[in-house]
Number of protein chains: 2
Amino acid sequence: MKKLRIAQIAPLVERVPPKKYGGTERVVYHLTEGLVAKGHEVTLFASGDSVTSARLIAPISESLRLGRKTHSATIVTMMMLSKVYEEMLHEFDIIHSHLEYLTLPYAHKVRVPTVLTMHGRLDIGEYGKMLGLYPHMAYVSISDSQRRPVEEINWVKTIYHGYPPSGFEFNDMPEDYFLYLGRFSEEKRPEQAIMLAKACNIPLKIAAKIDPTDQDFFDNKIRPMLDHPLIDYVGEVDESRKVALLKNAKALLNTIDWPEPFGLVMIEALACGTPVIVRGCGSAPEVISHGKTGYICQTRLDFINAIRNTDKLSRKTCREEFERRFSADTMVNNYEELYYDLLQKNSFPEATHSKDAQRSSGLMQLRRSGVFR
Amino acid sequence: MKKLRIAQIAPLVERVPPKKYGGTERVVYHLTEGLVAKGHEVTLFASGDSVTSARLIAPISESLRLGRKTHSATIVTMMMLSKVYEEMLHEFDIIHSHLEYLTLPYAHKVRVPTVLTMHGRLDIGEYGKMLGLYPHMAYVSISDSQRRPVEEINWVKTIYHGYPPSGFEFNDMPEDYFLYLGRFSEEKRPEQAIMLAKACNIPLKIAAKIDPTDQDFFDNKIRPMLDHPLIDYVGEVDESRKVALLKNAKALLNTIDWPEPFGLVMIEALACGTPVIVRGCGSAPEVISHGKTGYICQTRLDFINAIRNTDKLSRKTCREEFERRFSADTMVNNYEELYYDLLQKNSFPEATHSKDAQRSSGLMQLRRSGVFR
């Protein structure tokens, strides 16, 4: 197959790859590296402190979170999109944007096809309505469940995130603890993980950061629960400490109670051979195979049974499932296949017509549904 | 002349007209009313609680500041722009956007000309660079001084803001006080107004709101200065109380120390016949005629002399100058003339070519200047 000239457009919030948090930037990093390794000519649009094998084009020298605060995030992000779509368009066969709705007014009228991976939740605010104004774009979901709030747009594929297996060491001999990993936010239900540990008499390590918005919740609800011999709060951890905690855990105790679009932490656990005990919301039932790589729970009793039956799960199977379904190679191959598909479809001018029809009917629908008076 | 089909696109922060603060929304209101009165077919895109003689199209029922907080301001504003440019474009002869940079990716490729009035400062952040990527658009400045940081784009006209004279009562018999009006923010230098009042032994009324970001400044710097027989702090005031305070003041003491793009409060004062004593920065020397409708000051001594010579200024002249230069009619006529001008130019296809050339040279310049690596 002909090698492609690909633009990858990353958020500017964190560098690519991020130093700590920043799931989207991390996924863009692995995708870009994978496409370069396959011989494609990739240009990465991202903050100037990014590290990449691709050609890097940066509107700002440092990522927004680290750099000077005078930048308007929207303006510098739009400047990057203007660069891609209005100056450099002829340099690309395909554009892959991770900037979601901000991409739409740029992308929908140009001849070069754009792939839009949606990274966030679609059930909040006007997100779905905005996408509904551009139903003909090529949208990629990161789980099937993510699509539910906005089903009527042109979803072309679900592509799960993937990581290189080399980044995670498989461990078949865990220590005697369960792990809660993430943030102390209300919808992640850390208090339930703590209560379950106490109820089941199992040691629980907690590695989590406290965002400013979660400080009250932590102070009032969580901090009083931490002073207990079974609970070991280790604070916020860096990448290598995170992997060590994951691979030595008996299981990841993921009490999250919101429609998680994907949940990278779950595949990080599997990559170490660590099964995942998780509430059955959002992407969880797609990512975790109940009774095989973890347990999907609904009730408190489900969680208790899952904790008691953790040793019945094969850690080797967890790792194998990760390698098969959630490796960076799998993700890269899926996107590459999609790029070729879209380019092939794009070469038939008839397709454009039917897409236009589809699009204006989308606008008509929204008018009827009363989005606009 | 043929009547025009005009789209006015307002910010969604406040309703049109705003209940309290919101200079842009107020100007859009008077402009829209004036254009309707002249027989044009105007469609106002604004929040649903707006009041207008034009046809109103609203993406949200209540303005962002009053409505529910789950709206993303950027998304709902982009939805409004998508509506204008991608669904209703054929319904307009001309589009007038007050949304600044967010309009650019929508407006620059369509056949219907867009007028972009810049309402804010252009000397901060990446604002100027973003406009520089679209130098061919028809930009309107609200003062000549506003243009300074971004001179190389296509400024088509400076059009000063205007208000209907009927909204302000002329008063030739002021009471014995000077007035500070606005916000307690550092760059407005309220402490200087207070110090000047004490130094000159003149009564000063202060009508100002305290934004959350200014609370520390107010508590530490301003509050201790207020307890003085000459100083009368009346709090935050509504529109009618503001006009009463303005018309009864000997002069507006405008110690502001930043490049104000226009300064509506100055024309509100003039409308009442009240002269303006102001620091010579930003638009001040354009709006106020030194020795005629007020005094332009640089030093503390200038301010003191100005205060002492306030009675030498004719309040009648202030009102006349307002009616001639800053009435809504003047503003509406200026915009109407601009719309016709642009439509006439737009009908020559050659013009488009030279504009495209101009535009790509703008991008080339930015590349050379190192905005992008």
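The values are calculated or read from the model by the stated rules, or taken from the named source; none is laboratory data. Please read these numbers as outputs of a predicted model, since none were measured by experiment. Note: ideal-geometry Cβ built from the backbone for every residue, glycine included; neighbour counts use all protein chains shown. Side chains included, ligands, DNA and RNA excluded: accessible areas come from the protein's heavy atoms. Shrake-Rupley method; radii C 1.70, N 1.55, O 1.52, S 1.80 Å.
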Task: Whichever aspartates and glutamates have a C-alpha closer than 19 Å to that of residue B:188, once near sequence neighbours (fewer than 8 apart) are set aside - done: B:123, B:211, B:214, B:216, B:219, B:232, B:236, B:257, B:260, B:268, B:286, B:302
Open item on the list: Suppose the Debye formula is applied to equal point scatterers at every Cα of the range A:183-253; what is log10 I(q)/I(0) at q = 0.16 Å⁻¹?
Closed with: -0.55
Open item on the list: 7 Å along Cα→Cβ for the label point: how many nanometres lie between residue B:219 and each equivalent label in the other copies, listed shortest first?
Closed with: 1.4
Task: Rg(Cα)/(2.2 N^0.38 Å) for the range B:1-113, N = residue count - done: 1.01
Task: Members of the range A:78-111 that become less accessible by 50 Å² or more once partner protein chains are added (1.4 angstrom probe, chain alone as reference) - done: A:78, A:79, A:83, A:86, A:87, A:101, A:105
Task: Mean ellipticity per residue at 222 nm, deg cm²/dmol - from DSSP H runs of n ≥ 4 across chain A, formula -39500 (n - 2.57) - done: -10000 deg cm²/dmol
Open item on the list: I'd like the distance separating the alpha-carbon centroids of the range A:207-242 and the range A:28-44, in whole Å.
Closed with: 36 Å
Open item on the list: If the only charges are +1 at each Lys and Arg Cβ and -1 at each Asp and Glu Cβ, what is the size of the charge dipole of chain A around the Cα centre, to the nearest 20 debye?
Closed with: 420 debye
Open item on the list: To the nearest 20 Debye, how big is the dipole of the protein assembly as shown about its Cα centre, given +1 on the beta carbon of each Lys and Arg and -1 on that of each Asp and Glu?
Closed with: 480 debye
Task: Coil-residue GluC sites (Glu not before Pro) of the range B:250-325, DSSP, other Cβ within 10 Å capped at 10 - done: none
- [ ] Considering the rotation that carries chain A onto chain B, locate the chain A residue whose Cβ comes closest to its axis and report the distance in whole Å.
- [x] A:105, 2
TODO: Please work out the Kirkwood hydrodynamic radius for the protein assembly as shown, using every pair of different C-alpha atoms, and report it in angstroms with one decimal place.
DONE: 29.2 Å
Open item on the list: Given all pairs of different Cα atoms, what value in angstroms does the Kirkwood hydrodynamic radius of the range B:70-128 take?
Closed with: 12.5 Å
Open item on the list: Using all alpha carbons of the range B:254-340, what is the percent of pairwise distances in each 5 Å bin, ordered from the shortest bin to the longest?
Closed with: 3, 16, 24, 23, 18, 9, 5, 2, 1, 0
TODO: Would you mind computing the Rg to Rh ratio of the range A:176-297 from its alpha-carbon coordinates, Kirkwood style for Rh?
DONE: 0.93
Open item on the list: Placing the label point 7 Å from Cα along the Cα-to-Cβ direction, what are the distances from residue B:312 to the equivalent spots in the other copies, shortest first, in nm to one decimal?
Closed with: 9.7
Open item on the list: With a 1.4 Å probe, what is the total accessible area buried between chains B and A, in Å² rounded to the nearest 100?
Closed with: 3500 Å²
Task: Probe 1.4 Å, protein heavy atoms only - accessible area per residue of the range B:1-106 in square angstrom - done: 33 Å²
Open item on the list: Two decimals, Cα atoms only, Kirkwood Rh: what is Rg/Rh over the range A:98-253?
Closed with: 1.09
Task: Dipole magnitude of the range B:90-206, debye to nearest 20 (Cβ charges: Lys/Arg +1, Asp/Glu -1, about Cα centre) - done: 320 debye
- [ ] Would you work out if the range A:42-183 is rounded, prolate or oblate? Take a ≥ b ≥ c from the square roots of the eigenvalues of the alpha-carbon gyration tensor; rounded if a/c is under 1.5, else prolate when a/b is larger than b/c, oblate otherwise.
- [x] oblate
- [ ] Please report, as a whole percent, how much of the solvent-accessible surface of the range B:165-295 comes from carbon and sulfur atoms (probe radius 1.4 Å).
- [x] 48 percent
Open item on the list: Set the bar at 23 Å for Cα to Cα. Now go through A:19/A:157; A:3/A:345; B:198/B:221; A:157/A:345 and name every pair that lies beyond it.
Closed with: A:19/A:157
Task: Cβ-vector label at 7 Å, residue A:230, separations to other copies in nm - done: 7.1
Open item on the list: Pairwise over distinct Cα atoms, reciprocal of the mean inverse distance: report the Kirkwood radius of the range A:240-294 in Å, one decimal place.
Closed with: 11.1 Å
Task: Convex hull volume per residue in cubic angstrom - Cα atoms of the range B:139-224 - done: 172 Å³
Task: Base-10 log of normalised Debye intensity for chain A (one unit scatterer per alpha-carbon) at q = 0.14 Å⁻¹ - done: -1.23
